[in-house]
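Below is one structure, written out as structure tokens, with a few remarks after it.
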Amino acid sequence: MAVAEPKSARRRADAIRNQEAIVEAATEVLAEQGTAVDVREIARRSGVGMGTLYRHFPKKEDLIRTVLRRDFSRWAESARRAAIGAENPWAALTDFYEQALTGYARHRVIVENFALTWSDPDLEGIRQLRLVIEELRAGAEDLLRAGVTTEDLLLLLVSLGHAVQLTDGGHPLMWNRLLRISLDGLRADHGEPLPGAHSSRSK
């Protein structure tokens, strides 16, 4: 005779499923519409009632932050995989920026929040991005001009993200031109020192 599943276990399983459905729906809607989205649309797409949504995420900001944490992590991992497959350190750095900015262009909530949250130590995806960029910087150190730091490369990503936003993400040739210009400025054959740069290479 089969033992009936306890009601408490069923409730926990239902709660987990509902939360996952809400986050999945929110990820989709926020990518399309950004943070101005009405949470009722998220509830509708997830198939739960507003009461259920608010039990899991009492504030809209809580839901946005949950989505950002996961999407920044996915974004960083996707960019890392693209860089790993590159033929040489410079190609790895270039591929990282191309992959990161292409993903950025497709996701409105990242577009809206990246410049505000890139230095937030609580965002796992930001930590991942920083580690990926540090690894890429170290690999391409002999190809980079003296004094280029991990923070320089991370801030360059933020700046280029603004270019993506200004071109509405739908004109990749425009921000790609700026990317190429920016990367060219990082090359070691530019001998003049950077403002505030030391004679030795800095991390």
Tally of residues being more than 22 Å from the chain's Cα centre (by Cα) and aromatic (Phe, Trp, Tyr) across the range 51-77: 1
For the range 61-87, how many residues are assigned to a loop (DSSP other than H, G, I, E, B) and either open to solvent by 30 Å² or more (accessible area, probe 1.4 Å) or out of contact with any helix residue (DSSP H, G or I) (no Cβ under 6 Å at 6 or more places or on another chain) (or both)? 2
Would you check which residues across the range 5-23 are open to solvent by 80 Å² or more (accessible area, probe 1.4 Å) and either part of a loop (DSSP other than H, G, I, E, B) or farther than 29 Å from residue 105 by Cα (or both) and list them? 5, 7, 10, 11, 12, 16, 17
Looking for whichever is farther than 30 Å from residue 186 by Cα, modelled with pLDDT of 80 or more, among the polar types (S, T, N, Q) and surrounded by 14 or more Cβ atoms within 10 Å (Cβ to Cβ) here; the options are 94, 52, 102. Which one fits? 52
If you scan the range 24-59, which residues turn out to be among the small types (Gly, Ala, Ser), in a helix (DSSP H, G or I) and farther than 19 Å from residue 109 by Cα? 51
Just give me the residues in the range 163-174 being modelled with pLDDT of 80 or more, open to solvent by 10 Å² or more (accessible area, probe 1.4 Å) and closer than 19 Å to residue 129 by Cβ, in sequence order. 163
Hey, does the range 10-22 have a residue that's farther than 27 Å from residue 102 by Cα and among the acidic types (Asp, Glu)? yes
Any chance you could count how many residues in the range 175-203 are assigned to a loop (DSSP other than H, G, I, E, B), open to solvent by less than 50 Å² (accessible area, probe 1.4 Å) and at pLDDT 75 or above? 3
Among the numbered conditions (1) modelled with pLDDT of 90 or more; (2) open to solvent by less than 20 Å² (accessible area, probe 1.4 Å), tell me where residue 40 comes up short. (2)
Considering the range 80-112 alone, what residues qualify as being within 13 Å of the chain's Cα centre (by Cα) and more than 21 Å from residue 167 (Cα to Cα)? 80
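The values are calculated or read from the model by the stated rules, or taken from the named source; none is laboratory data. Just so it is clear, the model here is predicted, and its values are computed rather than measured. Note that we place each Cβ from the backbone using ideal geometry, even for glycine, and neighbour counts take in every protein chain shown. Surface areas here come from the heavy atoms of the whole protein model, side chains and all, with no ligands, DNA or RNA. Shrake-Rupley method; radii C 1.70, N 1.55, O 1.52, S 1.80 Å.
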